[in-house]
Amino acid sequence: MPLFGKRTAVRADVDKIVAHHGTRWRELAKGLGKDVPDLPVAVAVCDDVARPGYTSIDATELRDAPDVEAVKIEMLARMVVAADRCVAYTGAGISTASGIGDYATRAKDSHAGPHSDALKSMSPLTAIPTIAHHALVKMYRAGMLAGGWIQQNHDGLPQKAGLPQEAINEIHGAWFDPSNPVVKMSGQLRSDLYSNLLKIEAEADLCLTLGTSLSGMNADRIAQSVAKRNRDGKGHGLVVVNLQRTQLDSQCALRLWGILDDVMARVAERAIELQFGEARSPEVQFPLLMGEHAATSCADAAETEKTRNLENVVPIPYGVDGLRLAADSPPRMLNLEEDTEIVLTCGPYAGSRGVVRGRDRGNNIDLTVTVAVNKRGFKAPVPMKLGHWWLDAGVRGAVERFPVANPDLEVDGANAENAGE
């Protein structure tokens, strides 16, 4: 009996270590020169449940010791370089430093951000990307996010940081895509985005899960699947970077407890250094990526990209249905000048008509679209936005389907004549 009890205690200790550091904790301990890594410490205690109705986990925030964090960052950078299909799966925590609130942060002395009262008072629509967003974009440009980016948030901050639209799956809806309205908790995911999620899930060999409480949303399956394959000896597994506990902590290959901006900035720089050393390549725009001011210069690059999308009339290889035209067909002109009529080509409001109202301060296109707002079919005008980055993606023919088009006036005219006969 004593021996059984001792074994049980040892097992419990190992389970605790795994839940706080991941299954690769022995590699971590070796890097620290210790038998067992120090456990993270609580820096903001809160007994309130972080996500009521989803989990019973409290909202206490933990941080790794500086030496533990440093070794974990080195390990994660090497995992990123070694992976073939690394995917980022991001939740609300990646955007809190921009001033956009989340559901799970409840501690009064939270370390999650935002960093100033001015940010708290901003409209979420005008928020700017965080350092973590820029870090991930740098990794994408360096070829380190070949699996893509799954975004729980609606805020468009990855694209504002310079991520091309085709590289992201906004699975829960998007403020800057009129064809992809925000999905309610009890709502249904868009079928094409869900199919893309399943494809990414099947191919990913490393999942960077950042700033999400992993409370059981359907999209959490990507983290679970990558973790399971790693337990079966395939891929590099699941990495969670978060201040709060999650349901999947014990399934991680590596678990980091830290502030996303700090951790991901260091991971991106170290991964790029490991992958490329002193090399310079125009394909990954190293002058914009390397050095202590990399996040700022990356933001400058995104700003430069925004100015390229100022034209209101552009040629795009998409038809009035939003689908790509045949390769030998000339592009159609998309007119987004003020007061021009548009139609949504896909999503739950496909076929709805609207009007361009102009540009906002971020150069995004303001629309007013008349849609059904209840089950009885009552229609009302609703303000929507089209992110300026869609124009670049459209001109390049990079997205599967373009969300807006100008109505085919010739077809409409013919239909009107037929209706009058």
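For residue 149, the accessible area of its heavy atoms, probed at 1.4 Å with every protein chain present, is near 0 square angstrom.
For the pair residue 56 and residue 321, the difference between a 0.36 nm per residue extended length and the Cα-Cα distance amounts to 90.8 nm. Restricting the trypsin sites (Lys or Arg not before Pro) of region 329-394 to loop positions (DSSP other than H, G, I, E, B) with no more than 10 neighbouring Cβ atoms within 10 Å leaves 361, 375, 376. Relative to the Cα centre, the charge distribution of region 329-385, modelled as +1 at Lys and Arg Cβ and -1 at Asp and Glu Cβ, gives a dipole magnitude of about 340 debye. When each of the peptides 196-209, 53-66 is scored by the mean number of other C-beta atoms lying within 10 Å of its residues, the order from highest to lowest reads 196-209, 53-66.
Listed values for region 211-227 are Karplus-derived 3J(HN,Hα) couplings in whole Hz (6.51 cos²θ - 1.76 cosθ + 1.60, θ = phi - 60°), namely x, 10, 7, 6, 8, x, 5, 4, 5, 4, 4, 5, 5, 5, 5, 5, 5, and x replaces Gly and Pro. For region 155-170, the Karplus equation 6.51 cos²θ - 1.76 cosθ + 1.60, evaluated at θ = phi - 60°, returns couplings of 7, x, 5, x, 5, 4, 7, x, 6, x, 4, 5, 8, 10, 10, 8 Hz by residue, with Gly and Pro reported as x. Rounded to the nearest 20, the size of the Cβ-charge dipole of region 121-202 about its Cα centre is 140 debye, with Lys and Arg at +1 and Asp and Glu at -1. A dipole drawn for region 182-254 from +1 and -1 charges on Cβ atoms has a positive end, and of 243, 185, 206 the residue lying farthest that way is 185. Each Lys and Arg Cβ is given +1 and each Asp and Glu Cβ -1; about its Cα centre, region 100-251 then shows a dipole of about 220 debye.
Note on region 328-374 and region 161-227: Cα centroid distance 24 Å, given to the nearest whole angstrom. Classified by the C-alpha gyration tensor, region 130-208 has an oblate form. Its axis ratio a/c, with a ≥ b ≥ c, is 1.5 or above, and a/b does not exceed b/c.
The lysines within cross-link reach of residue 160, meaning a Cα-to-Cα straight distance under 22 Å and a gap of 8 or more places when in the same chain, are 120, 138, 306, 385. Under the shape rule built on the C-alpha gyration tensor, where the axes satisfy a ≥ b ≥ c, region 167-228 is prolate, since a/c reaches at least 1.5 and a/b is greater than b/c. Within region 348-395, the chymotrypsin sites (Phe, Trp or Tyr not before Pro) that combine a DSSP coil assignment with at most 13 other C-beta atoms in a 10 angstrom radius are 378.
The values are calculated or read from the model by the stated rules, or taken from the named source; none is laboratory data. Computed from a predicted model, the values in this text were never measured in an experiment. Because the Cβ atoms are built from the backbone with ideal geometry, glycine has one as well, and the counts that use them run over all protein chains shown. SASA here: full protein model, heavy atoms, side chains in, ligands and nucleic acids out. Shrake-Rupley method; radii C 1.70, N 1.55, O 1.52, S 1.80 Å.
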